[in-house]
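**Q** Take this structure, written in C-alpha cells, and hold onto it; I'll ask about it next.
The values are calculated or read from the model by the stated rules, or taken from the named source; none is laboratory data. Just so it is clear, the structure is predicted and the values come from calculations on it, not from any experiment. Counting neighbours? That spans all protein chains shown, and the Cβs are built from the backbone with ideal geometry, glycine included.
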Amino acid sequence: MRYALALFMVLVWSPFQVLAKDSAATTSTKSVEVDGVKLAYREVGSGEPIVLFNRLRGTLDTWDPAFVDALAEEYRVIMVDYSGVGYSEGKLTPDMVVIADTMAAFAKAIDLETFDLVGWSWGGALAQVFLIKHPAMVKRAVLIGTNPPGENEHPMRKDWFERAIKPVNDLNDEEILFFEPAYKESLVAAAASHERIYARQGVTDHIPSTMDAFNVFFAAAQKYHEDKEGIRQALMTSDVPMLIFCGDNDPGTPADNWFPLIRTIPRGQLLIMPRAGHGPQHQFPQLSADYIHVFLKGAL
C-alpha cells in the first residue's frame, strides 16, 4: 500500500514540478553585495555557468526570454545589472576596466571561479576588456553585435544612434535598433521579441532614460576606443576562444570592423547572420543559442 501511494505521488507530482520550473520570464530577482553595493541578478537553468553582459541601457528585463531560456536548456544562465543600472544599487563608473573588475568581484561573490561569457553590444565591449583583464576566469567568450576596441573604419549610423538615445524605445525603434527592417520576417521576429520582453511588468521603469545616464555609458565607450589599455593588441595574443557573432546589416556595430582583426585573434571565429541587425540573438533566439551551445562544447 505504501509503495502504491508513493508511486501515485510521484506520477501526480512530477508534472507539476516540471511546470513549476523557472524561466527567464518568471525567475525572481536576487541580489549580492559587491564592494558595499547590492548588485541585482537573475539565473535560469542548471549546469555550467554562462554570465551575460548587457547592452547600453540594458537591464535584467531586456534580454529576450526566448534566447535566455534556449541557452538555459543546457546551462546555468546568469544575468546581472551593472552598478547603478536597472535593479542594482550604486553608480555606474565611466571606465570599463573598473566595471570589469566589479563583474569579476560579482562572479566571485556568487561562487563562480570560471564561466563562459556572453556580451552584447556595449556589453560585448566590456566582455573584451574582461577577458583580457581576467583571462583565468573566462573559459570561452561570445561577443554579439559589438566592435573591437581602438579605431574602426566603419562608424555607427547617425539615425541609429538618435533612436538609441530616445528616453523610451517603442517597437518601431526596436525594428531599427536590433533587427533588419528591410525584410518582413525580421519585422515579425521584432514584434514577437518585443511581446516576450514586455510580458514582464514594469520593464520601462528600470531602463536608463536620461542623458546623464547615457553619458556615463558613452564616456566608458570612448575610453574603450581610445584603448590606452592596449586591449586590441592583447586580443591578438589571447588564448581565450572567442565567437564573434554579428548581423550582416548592423547599423550600430558593423561586422566589417572585425575583418582586419579576425585573422589575428588566435582562437577567434566570426559568424555573420543573414538579414539580421544589431540583435541577431533576439531575431533568431533558438538558432543563436544552438550556435553558442556548439561553440561552447566544441573541440577547438
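**Q** Residues to consider are Gly145, Gly123, Gly202, Gly119; find the one that is in contact with a Ser or Thr (Cβ under 7 Å, 6 or more places away or on another chain) and under 21 Å from Ala24 (Cα atoms).
**A** Of the residues listed, the single one that is in contact with a Ser or Thr (Cβ under 7 Å, 6 or more places away or on another chain) and under 21 Å from Ala24 (Cα atoms) is Gly119.
**Q** Pairs, please: C-beta under 6 Å, at least 6 apart or cross-chain, first residue under 15 Å from Arg76 (Cα atoms) and in region 14-30, second modelled with pLDDT of 50 or more and among the β-branched types (Val, Ile, Thr)?
**A** As it stands, the answer is Asp22/Val44; Ala24/Val44; Ala24/Val68; Thr27/Val44, since those pairs meet every condition given.
**Q** Would you check which residues across region 286-300 are among the β-branched types (Val, Ile, Thr) and loosely packed, with under 15 Cβ neighbours inside 10 Å and list them?
**A** Scanning region 286-300 gives a single hit, Val294.
**Q** Among the residues of region 271-289, is there at least one that is over 17 Å from Gln128 (Cα atoms), more than 20 Å from the chain's Cα centre (by Cα), among the polar types (S, T, N, Q) and modelled with pLDDT of 95 or more?
**A** For region 271-289, residues over 17 Å from Gln128 (Cα atoms), more than 20 Å from the chain's Cα centre (by Cα), among the polar types (S, T, N, Q) and modelled with pLDDT of 95 or more: absent.
**Q** May I ask you to verify whether Thr114 is farther than 30 Å from Glu174 by Cα, at pLDDT 95 or above, touching a Pro at 6+ places or on another chain (Cβ under 9 Å) and of a type in the set (S, T, N, Q)? Step through it out loud before you land on a result.
**A** Details: farther than 30 Å from Glu174 by Cα: yes; at pLDDT 95 or above: yes; touching a Pro at 6+ places or on another chain (Cβ under 9 Å): yes; of a type in the set (S, T, N, Q): yes.
Yes; evaluated as a whole, the condition is true for this residue.
**Q** Tell me the residue from Val77, Val85, Val97, Val44 that is within 22 Å of Met242 (Cβ to Cβ) and within 16 Å of the chain's Cα centre (by Cα), please.
**A** Details: Val85 fails: within 22 Å of Met242 (Cβ to Cβ); Val97 fails: within 16 Å of the chain's Cα centre (by Cα); Val44 fails: within 22 Å of Met242 (Cβ to Cβ).
After applying the criteria, what remains is Val77.
**Q** If a residue counts only when it is surrounded by fewer than 22 Cβ atoms within 10 Å (Cβ to Cβ), which helices (runs of 4 or more DSSP H) contained entirely in region 202-285 have at least 2 such residues? Walk me through it before giving the result.
**A** Working: elements: 211-226, 231-235, 259-262, 280-283.
Ranges flagged: 211-226, 231-235, 259-262.
**Q** For Tyr224, are the conditions met, namely being without any contact (Cβ under 8 Å) to a residue 40 or more places away in the chain and aromatic (Phe, Trp, Tyr)?
**A** no
**Q** Now a separate question. Only residues in region 82-106 that are more than 11 Å from Asp35 (Cβ to Cβ) count as the first member; pair them with residues that are of a type in the set (Asp, Glu), Cβ under 7 angstrom, at least 6 apart or cross-chain, and list the lot.
**A** If the second residue must be of a type in the set (Asp, Glu), the pairs left are Tyr87/Asp81; Ser88/Asp81; Val97/Glu229.
**Q** Sticking with this one: Could you please find all residues in region 131-185 being more than 23 Å from Asp256 (Cα to Cα) and part of a helix (DSSP H, G or I)?
**A** Selection gives Lys133, Pro135, Ala136, Met137, Leu171, Asn172, Asp173, Lys184, Glu185.
**Q** Taking region 242-270 on its own, how many of its residues are within 17 Å of the chain's Cα centre (by Cα) and not aliphatic (A, V, I, L, M)?
**A** Counting residues in region 242-270 that are within 17 Å of the chain's Cα centre (by Cα) and not aliphatic (A, V, I, L, M) gives 6.
**Q** From the list Glu74, Glu113, which one is closer than 29 Å to Lys21 by Cα and in contact (Cβ under 8 Å) with a residue 40 or more places away in the chain?
**A** Glu74
**Q** I need a count of the residues in region 93-143 that are in contact with a strand residue (DSSP E or B) (Cβ under 6 Å, 6 or more places away or on another chain) and of a type in the set (Lys, Arg).
**A** Looking only at that region, the number is 2.
**Q** Scan region 176-193 residue by residue and report those that are crowded, with 21+ Cβ neighbours inside 10 Å and not polar (S, T, N, Q).
**A** Residues satisfying the conditions are Ile176, Leu177, Phe178, Phe179, Glu180, Ala189, Ala190.
**Q** Mind listing whichever residues of region 111-151 are at positive phi, more than 15 Å from the chain's Cα centre (by Cα) and surrounded by 24 or more Cβ atoms within 10 Å (Cβ to Cβ)?
**A** Within region 111-151, no residue meets the criteria.
**Q** Quick check: anything in region 38-54 hydroxyl-bearing (Ser, Thr, Tyr) and modelled with pLDDT under 95?
**A** No: region 38-54 contains no residue that is hydroxyl-bearing (Ser, Thr, Tyr) and modelled with pLDDT under 95.
**Q** Oh, and also: What are the residues in region 57-110 that are buried (at least 20 other Cβ atoms within 10 Å of the Cβ), among the hydroxyl-bearing types (Ser, Thr, Tyr) and outside any helix (DSSP H, G or I), if any?
**A** Matches in region 57-110: Thr59, Tyr75, Tyr82, Ser83, Ser88.
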